[in-house]
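Here it is, the structure in full.
The values are calculated or read from the model by the stated rules, or taken from the named source; none is laboratory data. Remember, it's a predicted structure, so these values are computed and weren't measured experimentally. Note that each Cβ is placed from the backbone with ideal geometry, even for glycine, and that neighbours are counted across all protein chains shown. These area figures cover heavy atoms from the full protein model, side chains too; ligands, DNA and RNA do not enter into them. Shrake-Rupley method; radii C 1.70, N 1.55, O 1.52, S 1.80 Å.
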Amino acid sequence: MPMKYIFVTGGVVSGLGKGILTSSLGAILRGRGYRVTAIKIDPYVNVDAGTMRPYEHGEVFVTGDGAETDLDIGHYERFLDTDLARGNNLTTGQVYLTVIQKERMGEYLSQTVQVIPHVTDEIKERIRKTAQEQNAEIAVVEVGGTVGDIESLPFLEAIRQFQFDEEEDNTLYIHLTLVPYLRTSEEFKTKPTQHSVATLRSVGIQPDMLVLRSEQAVPEEMRKKVALFTNVHPSAVFSSPDVEHLYEVPLVLEEQGVGKAVEKKLGLEPVIPNLSFWQDAIRVLHQPDEVVKIAIAGKYVKMPDAYLSLLEALKHAGIKNKARVEVKWVDAEGLINGDLADAFRGADAILVPGGFGVRGIEGKIRAARYARENKIPYLGICLGLQIAVIEFARTVAGLEGANSTEFDPYTSYPVIDLMPEQLEVAGLGGTMRLGDWPMEVRPGTQLHQLYGKELANERHRHRYEVNPGFVDRLVKAGLVISGVTPGMKGRGEGLVEAIELKGHPFFVGLQSHPEFNSRPMRASPPFAGFVAAAIEQKRKTKIFA
Ligand code: GLN
């Protein structure tokens, strides 16, 4: 079968959930047994998302091969249940970097290098290459931004060309728009959609399908009207109303016949999809056996997207434990002098997520101590592990003033220190320890019980590590090193990947970010264990209450 391409564009406003639409299309095609990949185009000039503020763009998602990508790649991996790679996130920066390098190498000798065809060819080549490398049958390509943006023009031109490069039934163009509902006059407004499609048509793309985002389902007569004004077949205008859980979107789309419409345009055999996983997951989310509350002591508490994969991993762990996980956001800065019992009231467990920079660090250290001393389940992710080690060093191992050199370069006890290979690093783009690294899980530890195996792969994104020079002293004081990087035995205990505490119901820290590997259908083991411990904690406190 030749590669099939589905192109998703968006209009009217940004933030409509193109990523979720793309992921959901992927899910309903995966449910039909196809090998699907998804590619996100980000028209900004940055080479990757690694150097951008999480406060503005949300989390930086890390792929197994160590690319720092847009958070939509995380949605794709979770909905498609497949590992994606560097090529799945395409940016203007990458395209121009290559085109300019090629020009300097003389590859375009004697030619004037132009947006059309040189830049557009580079874009098309990258899309095709990624789809092939991922061994996909169908590639869903999402163009970030909104039609009409100056920066997305070369990408729109490139995807436009696909319709003639490929046979007719190998491409499908879907446009997602907002249909606002005016409460005062109680009506849906379709004009913005009409304008958006007109803009798309002005660059030569006639959408085959429209998906209308709105608060409520858009009624049929409205969809017919949109069809009439946009030159789209009435049977190909769908409605995507607000839902409570993201995982409902594939079901909402399938119910309306989106899958059938895709099959028809792409010339695929009609198949009855298996979407039972999503149905089961939704059932748990709507009717959980338990509801637990987890406090996240972080820095970006007003921007949940900055912790997207973490929140999703908690959700997956909830589904596995038939529980709904609610989050209590706790601003780490407020913990520096605040009343901890008050801050964590009602929470069944405490999580300290990854992070960079000194702001709020002492508050997180107090949170770790509070969890350790009061035997409240604690999960420390990356920075959260480092925090737990600093706290343990100070309070239990007697290393007063212990710190990470990231926060105090002159500390007398640098228990967390820059990794040696980072000393030679010059720039800040893509220079951390990134992506998959193996972890040797030590038998007899809680971590081993969770993973049920001796070797686990998790994704990383950090510059600092537990200082090997202090490991012996920490272990003597009672810290359990439950995971190490294998094959580094020459260096003390080996690079610390995970820690835990004896005599505590659940106190686990990981240098990696297991949330990036968590899937709705396969919860990350440490997260699953953490949520189970939170459920147990809730039961205990209920008995004593
Ligand atoms: N700032 C810490 C480091 O660079 C932790 C990073 C993280 O939490 N992702 O090692």
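Evaluate the following for H286: is it of a type outside the set (D, E, K, R) and farther than 30 Å from E326 by Cα? Explain how you work it out, then say what you get.
Working: of a type outside the set (D, E, K, R): yes; farther than 30 Å from E326 by Cα: no.
When the stated conditions are applied, H286 does not pass them.
Yes or no: E391 within 16 Å of the ligand (Cβ to nearest atom), of a type in the set (D, E, K, R) and out of contact with any Lys or Arg (no Cβ under 9 Å at 6 or more places or on another chain)?
Numbers: within 16 Å of the ligand (Cβ to nearest atom): yes; of a type in the set (D, E, K, R): yes; out of contact with any Lys or Arg (no Cβ under 9 Å at 6 or more places or on another chain): no.
It is false that E391 is within 16 Å of the ligand (Cβ to nearest atom), of a type in the set (D, E, K, R) and out of contact with any Lys or Arg (no Cβ under 9 Å at 6 or more places or on another chain).
Still on this model: Can you list residue pairs whose Cβ atoms sit under 6 Å apart, with the first residue in region 346-358 being free of Cβ contacts under 8 Å to residues at least 40 places away in the same chain and the second being within 10 Å of the ligand (Cβ to nearest atom)? Count only pairs 6 or more apart in sequence or on different chains.
Sorted first by the residue in region 346-358, then by its partner, the list stays empty.
Would you confirm, using the coordinates I've provided, whether L399 is open to solvent by less than 60 Å² (accessible area, probe 1.4 Å), under 19 Å from Q511 (Cβ atoms) and touching a strand residue (DSSP E or B) at 6+ places or on another chain (Cβ under 7 Å)? Step through it out loud before you land on a result.
Working: open to solvent by less than 60 Å² (accessible area, probe 1.4 Å): yes; under 19 Å from Q511 (Cβ atoms): no; touching a strand residue (DSSP E or B) at 6+ places or on another chain (Cβ under 7 Å): yes.
The answer is no for L399.
Still on this structure, I have one more. Being within 13 Å of the ligand (Cβ to nearest atom), crowded, with 16+ Cβ neighbours inside 10 Å and within 20 Å of I499 (Cα to Cα) narrows it down to one residue among G360, G355; which is it? Reasoning before the result, please.
Numbers: G360 fails: within 20 Å of I499 (Cα to Cα).
Only one candidate qualifies: G355.
Every residue in region 363-387 that is within 12 Å of the ligand (Cβ to nearest atom), in a helix (DSSP H, G or I) and hydrophobic (A, V, I, L, M, F, W, C), please.
Just the residues of region 363-387 that are within 12 Å of the ligand (Cβ to nearest atom), to begin with: 364, 380-387.
Okay, now just the ones that are also in a helix (DSSP H, G or I), so 364, 383-387.
Within region 363-387, L383, L385, I387 meet the criteria.
So which strands (runs of 3 or more DSSP E) are wholly in region 1-120 and hold at least 1 residues that are hydrophobic (A, V, I, L, M, F, W, C) and within 17 Å of the chain's Cα centre (by Cα)? Walk me through how you get there before you give the answer.
Details: elements: 4-10, 36-42, 89-91.
Because the criterion is at least 1 residues that are hydrophobic (A, V, I, L, M, F, W, C) and within 17 Å of the chain's Cα centre (by Cα), the strands (runs of 3 or more DSSP E) in region 1-120 that meet it are 36-42, 89-91.
Is it the case that P207 is surrounded by fewer than 19 Cβ atoms within 10 Å (Cβ to Cβ), under 29 Å from D169 (Cα atoms) and either at pLDDT 95 or above or under 28 Å from the mean Cα position of the chain (by Cα) (or both)?
Details: surrounded by fewer than 19 Cβ atoms within 10 Å (Cβ to Cβ): no; under 29 Å from D169 (Cα atoms): yes; either at pLDDT 95 or above or under 28 Å from the mean Cα position of the chain (by Cα) (or both): yes.
So P207 fails the test.
Would you confirm whether or not region 401-410 contains a residue that is more than 16 Å from the ligand (Cβ to nearest atom), within 21 Å of S482 (Cα to Cα) and either touching an Asp or Glu at 6+ places or on another chain (Cβ under 7 Å) or not in a loop (DSSP other than H, G, I, E, B) (or both)? Show your work before the answer.
Restricting attention to region 401-410, the residues satisfying the condition of being more than 16 Å from the ligand (Cβ to nearest atom) are 401, 410.
Next, only the ones that are within 21 Å of S482 (Cα to Cα) stay: none.
No: region 401-410 contains no residue that is more than 16 Å from the ligand (Cβ to nearest atom), within 21 Å of S482 (Cα to Cα) and either touching an Asp or Glu at 6+ places or on another chain (Cβ under 7 Å) or not in a loop (DSSP other than H, G, I, E, B) (or both).
Could you please find all residues in region 273-304 being closer than 26 Å to V330 by Cβ, open to solvent by 30 Å² or more (accessible area, probe 1.4 Å) and of a type in the set (A, V, I, L, M, F, W, C)?
V291, M303 - these are the residues of region 273-304 that are closer than 26 Å to V330 by Cβ, open to solvent by 30 Å² or more (accessible area, probe 1.4 Å) and of a type in the set (A, V, I, L, M, F, W, C).
Scan region 235-245 and give yes if some residue there is modelled with pLDDT under 95 and under 26 Å from P377 (Cβ atoms), otherwise no.
yes
Select from region 96-120 the residues that are in contact (Cβ under 8 Å) with a residue 24 or more places away in the chain and out of contact with any Asp or Glu (no Cβ under 8 Å at 6 or more places or on another chain) and write down the one among them that is least open to solvent (accessible area, probe 1.4 Å). Explain how you work it out, then say what you get.
Step one: of region 96-120, the residues in contact (Cβ under 8 Å) with a residue 24 or more places away in the chain are 96-98, 115-116, 119-120.
Subsequent filtering for residues that are out of contact with any Asp or Glu (no Cβ under 8 Å at 6 or more places or on another chain) retains 96-97, 119.
On the way: Y96: 82, L97: 89, V119: 5 Å².
Top of the filtered list is V119.
Report the residue count in region 131-147 for those that are open to solvent by 10 Å² or more (accessible area, probe 1.4 Å) and part of a helix (DSSP H, G or I).
Of the residues in region 131-147, 2 are open to solvent by 10 Å² or more (accessible area, probe 1.4 Å) and part of a helix (DSSP H, G or I).
Shifting gears a bit: Looking only at strands (runs of 3 or more DSSP E) that fall completely inside region 148-251, which ones have 2 or more residues that are closer than 20 Å to V12 by Cβ and of a type in the set (A, V, I, L, M)? Give the steps one after another, and end with the answer.
Numbers: elements: 171-178, 209-214, 237-241.
Per the criteria, 171-178, 209-214.
Further question: From the list F392, F407, pick out the single residue that is more than 29 Å from the chain's Cα centre (by Cα) and either of a type in the set (D, E) or modelled with pLDDT of 95 or more (or both). Outline the logic, then answer.
On the way: F407 fails: more than 29 Å from the chain's Cα centre (by Cα).
Answer to the check: F392.
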